[in-house]
Amino acid sequence: MWELRFEITSEKWAILEVLLSKLEPAAITTAYGDKDLFDSKSSAAQISHWEKFEVLVLFKDVKQVDLACSFLVKVEGIPGSLRKRKIREDVDWNLEWRKNWTPITLSSGLHISPSWLPIPAHAANAVRLDPGQAFGTGTHETTKLCLNYLDSFGLLERLKMIDYGCGSGILSLVAAALGCKQIIATDNDPQALEITKKNTTINCQQKIITVDAPENITREKCDLLVANILLDALLSLRDVFSKMVRKNGFLVLSGVMTPQIETLVSTYDSEFAKQKVKILNDWCMLVFTKR
């Protein structure tokens, strides 16, 4: 097995991810997401911003990794961070990353557990999760902020919710477990939709959670919309969210850092009133209400 690591901006990564996928790697993941799944010694805190993050790609064949290197060295900004190394052959990497993921228990007592671990006897309510390659195990600051917000909301059973950029479906599953009766989970990544569907089935929430692509839900209205995604995406989705969120409804935006708060607020100010900002290790969640 061979490993490639490099740093890239989100703008360039959107194209490179497609190109690398055509080489059929064993796995692709980012070291700045919930965790660096393949090397626990790497610190996600070393990366200062979502717009620049580290990518890790695993290849089974040295010819594949050499081919990947041949075009990565031509991409501006990559050569200085590009690293190639041969890694152990006796490790099952699909299982290795699971060792570093521990369950979460929210203030309400809701237990969020990997699907391969037993639910503790003391857990009154639980969500089982298998994120696959989708973002969302609950360990990243932006996800924690959203989880805690949902956990403290108190009136979810009265609201219709849209989880925009659902990833693994963790926020939808937690909202359903906390009493929300109508949820739409959407993501522009088809793999994320499949993983969310799988997790919805694992938790027997198919009647509560509808999983669909963004282009199929443009006419939907909701009382609460949660989006834990990148700043550029949040800025571009303002008009979409404005049409979806009912008057006086709640909009929860996460996935940004403290220097980006002003930009996000000024972009949404004409349609949404800022209610609160929560910060965890320089990561932010902003709560708005629809004007």
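The values are calculated or read from the model by the stated rules, or taken from the named source; none is laboratory data. Model, not experiment: these values are computed from the prediction. Counting neighbours? That spans all protein chains shown, and the Cβs are built from the backbone with ideal geometry, glycine included.
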Neighbours by Cβ (under 7 Å, 6+ apart or cross-chain): first from the stretch 141-156, outside any helix (DSSP H, G or I); second basic (Lys, Arg): none
Test: residue in the stretch 201-210 that is within 18 Å of the chain's Cα centre (by Cα), crowded, with 20+ Cβ neighbours inside 10 Å and either over 23 Å from LEU264 (Cβ atoms) or among the small types (Gly, Ala, Ser) (or both): yes
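Out of everything in the stretch 136-190 that is acidic (Asp, Glu) and farther than 24 Å from VAL240 by Cβ, what residue ends up being surrounded by the most Cβ atoms within 10 Å (Cβ to Cβ)? Step through it out loud before you land on a result.
Step one: of the stretch 136-190, the residues acidic (Asp, Glu) are 141, 151, 157, 163, 187, 189.
So of that shortlist, the ones also farther than 24 Å from VAL240 by Cβ come out as 141, 151, 157.
On the way: GLU141: 20, ASP151: 18, GLU157: 12.
Residue satisfying both the conditions and the ranking: GLU141.
Considering only the stretch 62-72, I want to know if a residue exists there that is among the β-branched types (Val, Ile, Thr), modelled with pLDDT of 85 or more and either in contact with a Gly (Cβ under 6 Å, 6 or more places away or on another chain) or not assigned by TED's automatic domain parsing to the domain that holds TRP283 (or both). Break it down stepwise before answering.
Taking the stretch 62-72 first, the residues among the β-branched types (Val, Ile, Thr) are 62, 65.
After this cut, where a residue has to be modelled with pLDDT of 85 or more as well, the list is 62, 65.
Retained after the next criterion (residues that are either in contact with a Gly (Cβ under 6 Å, 6 or more places away or on another chain) or not assigned by TED's automatic domain parsing to the domain that holds TRP283 (or both)): 62, 65.
Yes, the stretch 62-72 contains at least one residue that is among the β-branched types (Val, Ile, Thr), modelled with pLDDT of 85 or more and either in contact with a Gly (Cβ under 6 Å, 6 or more places away or on another chain) or not assigned by TED's automatic domain parsing to the domain that holds TRP283 (or both).
State yes or no: is ALA213 in contact with a Gly (Cβ under 7 Å, 6 or more places away or on another chain) and either in the same structural domain as ASN148 (by TED's automatic domain parsing) or at positive phi (or both)? Write out each step before concluding.
Numbers: in contact with a Gly (Cβ under 7 Å, 6 or more places away or on another chain): no; either in the same structural domain as ASN148 (by TED's automatic domain parsing) or at positive phi (or both): yes.
When the stated conditions are applied, ALA213 does not pass them.
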Hits in the stretch 54-77 (condition: more than 15 Å from ILE28 (Cβ to Cβ) and not in a helix (DSSP H, G or I)): ASP61, VAL73, LYS74, VAL75, GLU76, GLY77
Residue list for the stretch 143-164, restricted to those being at pLDDT 95 or above and more than 20 Å from SER107 (Cβ to Cβ): LYS160, ILE162, ASP163, TYR164
Hits in the stretch 218-234 (condition: out of contact with any helix residue (DSSP H, G or I) (no Cβ under 8 Å at 6 or more places or on another chain) and surrounded by 12 or more Cβ atoms within 10 Å (Cβ to Cβ)): ILE229, ALA233
Those residues of the stretch 178-202 which are polar (S, T, N, Q) and under 21 Å from LEU155 (Cα atoms), in sequence order: GLN182
Number of the exception - ALA124 against (1) under 22 Å from ALA192 (Cβ atoms); (2) modelled with pLDDT under 85; (3) of a type in the set (Gly, Ala, Ser): (1)
